[in-house]
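Below is one structure; the comments refer to it alone.
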Amino acid sequence: MELKKVGVSGTLESSDVMITLEPGNGGIEIELSSTVEKQFGNAIRREILATLESMGVNNARVTAVDKGALDCVIRARVKTAVCRAAEVEYNWGGDGQ
């Protein structure tokens, strides 16, 4: 999936993560700032990368400001930011109603 513009998702509230995506210069670049970086920084980066790869994004600059978000929140925020940056709708598994 090709990113066309900057996409942002999330907040800076406790237990959330703010993800900012923009088109990259070749490959995935992740800049992470986290209150739990020493304990979970590598896991957060892996979750972001895995989510991007699952959506077919292979060229992006990611800025993540984490405030202790769970993996499911990280995935949801990355997916939302990708869709906003690529200007596409995401099917969250509903029946469209």
Projected onto the charge dipole of the chain (unit charges on the beta-carbon of Lys, Arg, Asp and Glu, signs +1, +1, -1, -1), the Cα from I28, T80, W92 with the largest positive-side position is that of I28
On a straight-distance basis, which lysines could pair with K5 in a cross-link, Cα separation under 21 angstrom, same-chain partners fewer than 8 positions away excluded? K79
Mean separation of Cα pairs under 8 Å and 6+ residues apart, divided by the residue count of the chain: what relative contact order is that in percent? 42 percent
Based on alpha-carbon centroids, what's the gap between the range 1-43 and the range 44-70 in Å, whole number please? 6 Å
Packing-based exposure ordering (other Cβ within 10 Å, fewest first) of K67, K38, K5: K38, K5, K67
If you take every DSSP beta bridge fully contained in the range 4-92, what fraction is antiparallel? Give it as a percent rounded to 5. 55 percent
Evaluate the charge dipole of the chain about its Cα centre and quote only its size in Debye, nearest 20, assuming +1 on the Cβ of each Lys and Arg and -1 on the Cβ of each Asp and Glu. 120 debye
Along the three principal axes, how long is the chain when you take its alpha carbons, biggest first, rounded to the nearest angstrom? 37, 35, 20
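Bear in mind these aren't lab numbers, they're just calculated from the coordinates by the rules spelled out. Remember, predicted model here, so these are calculated numbers, not experimental data. Here Cβ is always computed from backbone atoms with ideal geometry, including for glycine, and neighbour counts include all displayed protein chains.
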